[in-house]
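Chemist: I have a structure I would like to understand better, so I am pasting it below and will then ask my questions one at a time.
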Amino acid sequence: MYARTSTMQADPARIDAGVAYVRGQVFPAVSAMSGCVGMSMLADRGSGRCIVTTAWESEAALRDTAETVRPLRDGAEQALEASTSDVDVWEIAVVHRDHATPDGACARVTWLSGDASNVDRAVDVYRMTVLPTVQELDGFCSGSLLINREAGQVVGTITFDSRAQVEATREAAARLRESVTSDTGMRIDDVAEMEVAFAHLHVPELV
């Protein structure tokens, strides 16, 4: 399983318009493409950062749609009045859901990087330490890990039922990040708390 993420720096005042465009225009078109297994959108209404993720059943499906999705991404950028846009490709290493994502859900996204040789260790730590720990936290909804082996990058996303539950778990998450960096030798590049604006990913369990 593979994923393509488009990270856009939007005008915060245009978030709702962008979500409506992704929901009404991008999602129907992308979901009809061969090999697509869903789509999601995260948004930070304070900073304007938005992340649109499409999931694909194979690397070939992801690669074959690269040009086809470009006009859709351009449209989303226009709807969001985005000043910057970055596209990244990932392998989906871990997916676990406790239950469906409810309206009002919020996610904590953590970006890490390090030596490429540490990526497999990071996957193991996520499976054996991170997921068992966060599943015990109030409001846990789902967790996923995306990796780029060549670049030595990983992105972990933990979704909770509400923003209040994300905020209530900040201290526990900080302790967990310290443990992960110690166990993997990787460094934390960024952490963001983002609204789950759109959630229609249908990637099967990968644990």
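The values are calculated or read from the model by the stated rules, or taken from the named source; none is laboratory data. In this text the structure is predicted, and so the values were computed from the model without any measurement. Here the Cβ positions follow ideal geometry from the backbone for every residue, glycine too, while neighbour counts run over all protein chains shown.
Chemist: Consider only pairs whose beta carbons are under 9 Å apart and that are at least six residues apart or on different chains; among these, list those whose first residue lies in the stretch 163-176 and is more than 16 Å from Q135 (Cα to Cα) and in contact (Cβ under 8 Å) with a residue 40 or more places away in the chain and whose second residue is exposed (fewer than 14 other Cβ atoms within 10 Å of the Cβ) and not β-branched (V, I, T).
Modeler: R163/G104
Chemist: In the stretch 9-22, is there at least one residue being surrounded by fewer than 20 Cβ atoms within 10 Å (Cβ to Cβ) and under 30 Å from E178 (Cα atoms)?
Modeler: Scanning the stretch 9-22 turns up at least one residue that is surrounded by fewer than 20 Cβ atoms within 10 Å (Cβ to Cβ) and under 30 Å from E178 (Cα atoms).
Chemist: Which of the residues that make up the stretch 102-125 are touching a Gly at 6+ places or on another chain (Cβ under 7 Å) and without any contact (Cβ under 8 Å) to a residue 40 or more places away in the chain?
Modeler: A116, V119, listed by residue number.
Chemist: Whether any residue in the stretch 184-201 is outside any strand (DSSP E or B), surrounded by fewer than 17 Cβ atoms within 10 Å (Cβ to Cβ) and among the small types (G, A, S) is what I want to check.
Modeler: The answer is yes, given that some residue of the stretch 184-201 is outside any strand (DSSP E or B), surrounded by fewer than 17 Cβ atoms within 10 Å (Cβ to Cβ) and among the small types (G, A, S).
Chemist: In the set T181, T169, which member is surrounded by 13 or more Cβ atoms within 10 Å (Cβ to Cβ) and over 27 Å from G48 (Cβ atoms)?
Modeler: That would be T181, the only listed residue that is surrounded by 13 or more Cβ atoms within 10 Å (Cβ to Cβ) and over 27 Å from G48 (Cβ atoms).
Chemist: Still on this structure, please answer the following. Considering only residues that are surrounded by 15 or more Cβ atoms within 10 Å (Cβ to Cβ) and either within 13 Å of R187 (Cα to Cα) or over 19 Å from the mean Cα position of the chain (by Cα) (or both), which ones fall in the stretch 112-123?
Modeler: Answer for the stretch 112-123, where residues must be surrounded by 15 or more Cβ atoms within 10 Å (Cβ to Cβ) and either within 13 Å of R187 (Cα to Cα) or over 19 Å from the mean Cα position of the chain (by Cα) (or both): L112, S113, G114, N118, V119, R121, A122.
Chemist: Determine which single condition V19 fails, assuming it passes every other condition in (1) assigned to a helix (DSSP H, G or I); (2) free of Cβ contacts under 8 Å to residues at least 12 places away in the same chain; (3) over 25 Å from I147 (Cβ atoms).
Modeler: (2)
Chemist: Report, by residue number, each residue of the stretch 99-111 that is surrounded by 14 or more Cβ atoms within 10 Å (Cβ to Cβ) and over 17 Å from T53 (Cα atoms).
Modeler: Scanning the stretch 99-111 gives a single hit, P102.
Matching residues to (1) within 17 Å of the chain's Cα centre (by Cα); (2) among the charged types (D, E, K, R):
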{"residue": "S83", "(1), (2)": "no, no"}
{"residue": "D88", "(1), (2)": "yes, yes"}
{"residue": "V95", "(1), (2)": "yes, no"}
{"residue": "P102", "(1), (2)": "yes, no"}
{"residue": "T110", "(1), (2)": "yes, no"}
{"residue": "V125", "(1), (2)": "no, no"}
{"residue": "E136", "(1), (2)": "no, yes"}
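Chemist: May I pose another question? So if I check each of A66, A76, A55, A61, which one is under 16 Å from T5 (Cβ atoms), assigned to a loop (DSSP other than H, G, I, E, B) and in the same structural domain as Y2 (by TED's automatic domain parsing)?
Modeler: On inspection, the qualifying residue turns out to be A66.
Chemist: For the stretch 145-161, which residues satisfy the criterion of being closer than 11 Å to R108 by Cα and either assigned by TED's automatic domain parsing to the domain that holds T54 or touching a Gly at 6+ places or on another chain (Cβ under 8 Å) (or both)?
Modeler: G156, T157, I158, T159, F160
Chemist: Does R49 fit the bill of being within 14 Å of the chain's Cα centre (by Cα), assigned by TED's automatic domain parsing to the domain that holds G156 and either buried (at least 17 other Cβ atoms within 10 Å of the Cβ) or in contact (Cβ under 8 Å) with a residue 60 or more places away in the chain (or both)?
Modeler: Against the criterion (within 14 Å of the chain's Cα centre (by Cα), assigned by TED's automatic domain parsing to the domain that holds G156 and either buried (at least 17 other Cβ atoms within 10 Å of the Cβ) or in contact (Cβ under 8 Å) with a residue 60 or more places away in the chain (or both)), R49 does not qualify.
Chemist: Go through the stretch 118-156 and give me each residue that's assigned to a loop (DSSP other than H, G, I, E, B) and closer than 19 Å to E59 by Cα.
Modeler: Across the stretch 118-156, the qualifying residues are R149, E150, A151, G152.
Chemist: With respect to A60, determine if the residue is surrounded by 20 or more Cβ atoms within 10 Å (Cβ to Cβ) and over 19 Å from the mean Cα position of the chain (by Cα).
Modeler: Considered against the rule, which asks whether it is surrounded by 20 or more Cβ atoms within 10 Å (Cβ to Cβ) and over 19 Å from the mean Cα position of the chain (by Cα), A60 comes out as no.
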